[in-house]
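Participant: Mind looking over this structure? Questions follow.
The values are calculated or read from the model by the stated rules, or taken from the named source; none is laboratory data. Only a predicted model underlies this, so the values are computations on that prediction, with no experimental measurement involved. Every residue, glycine as well, gets a Cβ built from its backbone with ideal geometry; the counts of neighbours run over all protein chains shown. Quick note on the areas: whole protein, heavy atoms, side chains included, nothing else; ligands and nucleic acids left out. Shrake-Rupley method; radii C 1.70, N 1.55, O 1.52, S 1.80 Å.
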Amino acid sequence: MNAAVMGAHMTIYEQAKQMELESRKVYEGLADLTANEGLKTICTMLARFEQNHYDIFDAMEKRSKIPPVAVLKADDLKKIFRAMKKNDPSLAIGKQQLEIYRKSLAAEEAAEAFYKKSAENEKDGSRRAEILAIADEEHKHARFIGTILVLVSRPIEWLENAEWNHLTDY
């Protein structure tokens, strides 16, 4: 759900939790739709990251101990891609899945922008830092989903020629 569409009476925490919950469900749905184990692993991993973000915003809302931000690591992604190249380089997906990836990219970009704007309005420095850390993770997710879009559009060529040099540690 787009943050602008959400009710004006919702707090940033409620809006953020709703966005993260919806993103988690999308990634879980993509994991269920794909037959490729590598893509399934990636989607499941992204769903866990979205749950982590939800948990952080929930803790902020409740003013309880904030869990650490889960970080998307380039080495983890490289291992998955190498296994995909070795085990199952065919990544045939339907138009429906491709459209879901595109919408996921747009949602990640929107979440990043929302969190950056929300951080500007946060008076508490430590909370602002947490919100910005999540915005940074959403940026990484967007870059990663963009890479996945290229991958599923041209799978064999991408896996064969990939140097993974664009997957740097953040």
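Participant: In the stretch 48-99, carbon and sulfur make up what percent of the accessible area (probe 1.4 Å)?
Facilitator: On the stretch 48-99, the fraction of accessible area on carbon and sulfur atoms equals 51 percent.
Participant: Right, here's the next one. If you count only protein heavy atoms with a 1.4 Å probe, what accessible area per residue comes out for the stretch 22-67, rounded to a whole Å²?
Facilitator: Ligands and nucleic acids excluded, the result is 48 Å² per residue.
Participant: For the stretch 21-82, state which trypsin sites (Lys or Arg not before Pro) are in a DSSP loop and have at most 14 other beta carbons lying within 10 Å of their beta carbon.
Facilitator: ARG63, LYS65, LYS73
Participant: How high is the relative contact order of the stretch 1-140, given as a whole-number percent (alpha carbon pairs under 8 Å, six or more residues apart)?
Facilitator: Normalised by residue count, the contact order of the stretch 1-140 is 24 percent.
Participant: Next up: Heavy atoms of the protein only, probe of 1.4 Å, neighbouring chains included. What is the accessible area of MET45 in Å², nearest 10?
Facilitator: 20 Å²
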